[in-house]
């Protein structure tokens, strides 16, 4: 294996895509819509890159209200099944949307309804293949001993729904177990809190580390007879203290999962004592992931001397906030990825033997915020036969990474930004990599490109204040990287490492970059294994327009902590995470989202 660093309905999209990113995608595209999410500072008139504009037709996003929440409307023949802990399974009734007791809003019935008491009794009334609604009373709590087996709806326009009713601020709470989507295509889960309290060491329900079971918050397996094919919507839910969440179709001969929408959820505190644990694991699926909060997934406590030790929920190098294998036609936008065990967002495209095959393609990762963990994003893992590309049409745009590696979850002393390996076309544009590393945490980089990679453009990226003993940007395996373009980027460091490691034997154009280091100018670069000056690098790269110098920015020291302080909030990450866990449809603060925070940090890098 080559030298690697890591294991590594369209109209309704009008408002949705308007908030997509804080800057240009780096590729002119088709304007899908304009406007902005209510209360946000996002840029209007955003576009999908030309090569990804078809993604707008891949997801059956419901219409949204002024606050950006999905509008779900029962069909004339929908059963409305209400559930409350003060209900009675013997006297409960089901209703139609036209029932007098329901009134104008099925989520807030105007008459005296007769709810069920138990979720199982309510589920028994729901019909597979129908747009039935099981609605739990807000503020009520149920404890379960098994997962809720969701049933399929009629279509993406007529989903079966597990949701809520009432006006209490608190979500309905389900303790113990989560959801199973195994036979639940065309279904939606909206506005419910799921907590595996028996796995929470801070809960009186905790059963001890020796006894905690591995339980998924949500689980869906496709590829089998009558099983899940897609059309899912998960919105405004909180999944807490599980061992993972999984949606996958792992059989290569089976259809992939398609049209899966996961938005505005909270996924926190996943860990395992005897296996790998991810915040969200997916394989062979097409997923729209937006405005979610991922925090502290893959670990309960800091790891030991052995990086794979799992006892009592220790952090390991195998656990991440998200882990997506063989992803295709997938979008990550405006998510918060905080405090991962290892990687904020890990993607794999594996070829176990023979000739490399492209198994991940048409991927957009836009305007997300990555804080802490040990690695920001890996787009190069894992199995590689070193004989061709494994990824195609990958776009990593307008993201912010900061404080990578700061808390050393697995005790490793590293802070890695973005891994690019074996890409057949893509763009890395408009990203900010800033503020991590020190003399004891110096195995760091912003961008590492390697392998059979071709036609990738890097533009408008800023690398600032990353302490490293090595290069901040590296292009390895130069003989098999082709037509790389690197223009309009700013790289600044005051550490002992190099600005760039350049090994390319040719490129698609290097120029108009600003480079600065406090190191001896004759050692700013590595070119084919030897220290090099700017002039020597320019000769090797054919770069006639890049300059040595420091950009003058408005406020480059801005961080997540300074953002919180400016809003009068506590600045520690535990307090920030606790505040994020209060986010819901009934209490949604756009100023706590990735878009607002990224805009603040990005504005600090405006040039004087």
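Observations on the structure shown:
- Residue list for segment 376-397, filter: surrounded by fewer than 21 Cβ atoms within 10 Å (Cβ to Cβ) and on the phi > 0 side of the Ramachandran plot: 386, 388
- Those strands (runs of 3 or more DSSP E) lying entirely in segment 258-375 with at least 3 residues under 18 Å from the mean Cα position of the chain (by Cα) and buried (at least 24 other Cβ atoms within 10 Å of the Cβ): 278-283, 285-290, 320-325, 328-333, 336-338, 343-348, 360-366
- Scope segment 546-567; condition touching a helix residue (DSSP H, G or I) at 6+ places or on another chain (Cβ under 9 Å) and not in a helix (DSSP H, G or I); matching residues: 546, 547, 548, 553, 554, 555, 556, 557, 558, 559, 567
Matching residues to (1) assigned to a helix (DSSP H, G or I); (2) out of contact with any strand residue (DSSP E or B) (no Cβ under 6 Å at 6 or more places or on another chain); (3) within 14 Å of residue 499 (Cα to Cα):
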site	(1), (2), (3)
415	no, no, no
418	no, no, no
439	no, yes, no
444	no, no, yes
447	no, no, yes
452	no, yes, no
457	no, no, no
469	no, yes, yes
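- Identity of the residue in segment 585-598, under 22 Å from the mean Cα position of the chain (by Cα) and surrounded by fewer than 18 Cβ atoms within 10 Å (Cβ to Cβ), that ends up nearest to residue 239 (Cα to Cα): 587
- Contact annotation: residue pairs with Cβ atoms under 6 Å, 6 or more positions apart or on different chains, pairing a residue in segment 508-526 that is more than 10 Å from residue 547 (Cβ to Cβ) with a partner that is modelled with pLDDT under 95 and assigned to a strand (DSSP E or B), are 517/493.
- Residue within segment 527-540 that is surrounded by fewer than 16 Cβ atoms within 10 Å (Cβ to Cβ) and closer than 22 Å to residue 465 by Cα present: yes
- When 8, 92 are checked against the criterion of being buried (at least 19 other Cβ atoms within 10 Å of the Cβ), modelled with pLDDT of 95 or more and either touching a strand residue (DSSP E or B) at 6+ places or on another chain (Cβ under 9 Å) or on the phi < 0 side of the Ramachandran plot (or both), 92 stands alone in meeting it.
The values are calculated or read from the model by the stated rules, or taken from the named source; none is laboratory data. Bear in mind the structure is a predicted one, so any value in this text is a computation, not a measurement. Neighbour counts run over all protein chains shown; Cβ positions are idealised from the backbone, glycine included.
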